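Working notes, beginning with the structure itself.
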Amino acid sequence: MKDFFKYTLATITGIIIFMLVVGFFCVISLIGMAASDSAVAQVDDNSVFVLQLSGAIDERASDDFNVMAMLSSGDAGVSGLDDILASIAKAKENEDIKGIYIEALGASFDSYATAQSVRDALADFKKSGKWIVAYGDSYTQMCYWVSSVADEIYMSPTGMIDLKGLGSKAEYYTGLYEKLGIKYQAVRVGKYKSYVESNTRKDMSPEDREQRMAYMQGLWNRITKDIADSRKLTPETVNQMINDSIMAFAAPDFYVSSKLIDKTIYPDELKEIVKKKLSLEEDDKIPQLMLSDMINVKGSKKDDGDKIAIYYAVGEITDESLGGITGSDGIVGKPVCEDLRKLAEDDDVKAVVIRVNSPGGSAVASEQIAHEIDLLKAKKPVVVSMGGVAASGGYMISCGANYIFAEPTTITGSIGIFGLIPNVSGLMTDKLGITFDDCTTNTYTNYMENLTLSSNNANEVKFMQSYVDRGYDTFISIVAKGRKMEKEQVNEIAQGRVWLATDALGIKLIDKIGSLEDAVKKAAELAKLEEYYTAAYPAQTDWLEELLADNKNGSFLDAELRNVLGDNYEQWVFLRTINKRNRLQARLPFSTRVK
């Protein structure tokens, strides 16, 4: 027995020592990684910036350390548009960087506007006289659109280009609910506010079809024009090719003869092409800089002069943090309002640019944020830069700015309100035989129970409709004030209608088509600044804080879920967190993820 305790104690001691040693080396490794991330990257002469279009590309990637991502793939899994645009700009101005190599690996852009921003930045890079070469084993539609800006496009001999046009397929659950004895009670204002229709109809309404086709056709016209211009074709030719056959199943020789690519080659052959462009010998190595390197390359960005704050308002608008497995908070009303108040009180901040990329959400939180922006605007200029989508509540928080920019493919508008409550009386009573009775002190004490469990609730639905009507009136009043229009004018273009930015410009929902950089320049102009620099808000936590936080794996898991669930991702998140959402919703009527 004595030996047993001796060996057991020795084993436990050994395990503890082993864990301490491993822990020590992990800490040293983390410190080394953090230090390397902050170190200034050196650029060798004759270098190439390798832009990998892979993983999820969001508006703004976190700089935080991500354990889950490191263990599974060795990288963060999520790239930020801000980092990509800044890196392309630095590559343009750095004399040692001679070109960009685009490696198309099937990136998942969070919107077509995000892809558009990357493509426009690459087009601007070419103005420096430097070259861009693209290569992919295969090209998704969005990756090909971005890559088509390259001087030369190459593809694997067994690859494909999945050009197919844009489509949007809606799902309707009314037939299922009828079988279950469930009926959704929808109250809305705006004939185009179609979010409720998947639960109240069995097909697409004429109004919903009209708005979907309008924005998809406008977006597709832009894509085909860009591809045609870069590849010396016509939009008609591109569309004809797509209409004549399934492009993904075409033979590689067809892609070459149709001028969609320059040649099919293997990766080793591509290296030789790049070496020739750099005038390197056969045995020479190609000096390469990845995105992680470019982030740490010193640029010409100034950090003196007056400060312009860029505040990122990205995601769904909610009253409280949705939290959970995705760790994606989005735009949470109270903390965002607090941030805006701090920016208003910060005398060092002379102007604020709000980058909005949101489909909306809680009408109450949206109204509160819009109010805070009004107060901020009273102290300093506020300019909004719209990303992929700034619709419904996302538009409500935008419309009060001094000036509004939108990307050409931004989806905006959707000025409307809705409420949606399921009635399960048919399921509970008719199907399951459960009956209800109650006693109350007042007429509508159990109004929520009546809305969900009673078939005799016409009065409750009427009151709910009046509640939604008031919300809509508040919404168009906010827009009318912000855009200096009459309420009647706003009502005519509202009705929950979704608009592509190029169409929204003509009806005064935005002021100009332009980028985030254009918005910053406008903010400086309005604040009468000559020398200025930008600072991003909200501030990001450092890697150690993120490592110790409860939601440290959120951005990675969120990106993985989006890739796995595809078009069902947004619906899954909505249903999973429905109990945390406000009853009154100012959100986009449908998913904007077209394919």
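Just so you know, all these numbers are worked out from the coordinates, no wet-lab data involved. None of these values were measured; they are calculated from a predicted model. Here the Cβ is made from the backbone with ideal geometry for all residues, glycine too, and neighbour counts use every protein chain on show.
The charge dipole of segment 376-533, taken about its Cα centre with unit charges on the Cβ atoms of Lys, Arg (+1), Asp and Glu (-1) only, comes to about 600 debye.
Projecting the Cα positions of Ile182, Gly167, Ser198 onto the charge dipole of segment 155-213 (unit charges on Cβ atoms of Lys, Arg, Asp and Glu, taken about the Cα centre) puts Ile182 furthest along the positive direction.
Distant-in-sequence amide contacts of Glu320, defined by a placed amide H-H separation under 5 Å and a gap of 5 or more residues or a different chain, comprise Gly333. Inverting the pair-averaged 1/r between distinct Cα atoms of segment 173-215 gives 11.2 Å as its Kirkwood hydrodynamic radius. Remark on segment 369-440: Rg and Dmax equal 21.8, 62 Å (Cα only). Its alpha carbons give segment 256-376 an Rg and a Dmax of 23.8, 64 Å. Over the Cα atoms of segment 155-312, each weighted equally, I'd like the Debye log10 I(q)/I(0) at q = 0.08 Å⁻¹, rounded to two decimals. The Debye formula, applied to the Cα set alone, gives -0.54. For segment 219-267, the orientation-averaged shadow of the C-alpha convex hull comes to 3.9 nm² (one quarter of the hull surface). Between Glu525 and Val256, the distance separating the two model label sites (each 7 Å from Cα on the Cα→Cβ line) works out to 4.9 nm. Among the listed pairs Lys169/Lys225; Lys179/Lys202; Lys92/Lys298; Lys127/Lys512, those whose Cα-Cα separation exceeds 20 Å are Lys169/Lys225; Lys127/Lys512. Stokes-Einstein diffusion for segment 354-406, with the hydrodynamic radius set to the Kirkwood value over Cα pairs and evaluated at 37 °C in a medium of 0.692 mPa s, equals 307 µm²/s. Give me the Kirkwood hydrodynamic radius of segment 108-189, using the inverse of the mean 1/r over all pairs of distinct Cα atoms, in Å to one decimal. By the Kirkwood definition, the hydrodynamic radius is 16.3 Å.
Ordering 531-538, 144-151, 243-250 by mean Cβ neighbour count within 10 Å, with the highest value first, yields 144-151, 531-538, 243-250.
The charge dipole of segment 208-304, taken about the Cα centre with unit charges on the Cβ atoms of Lys, Arg (+1) and Asp, Glu (-1), comes to about 340 debye, rounded to the nearest 20.
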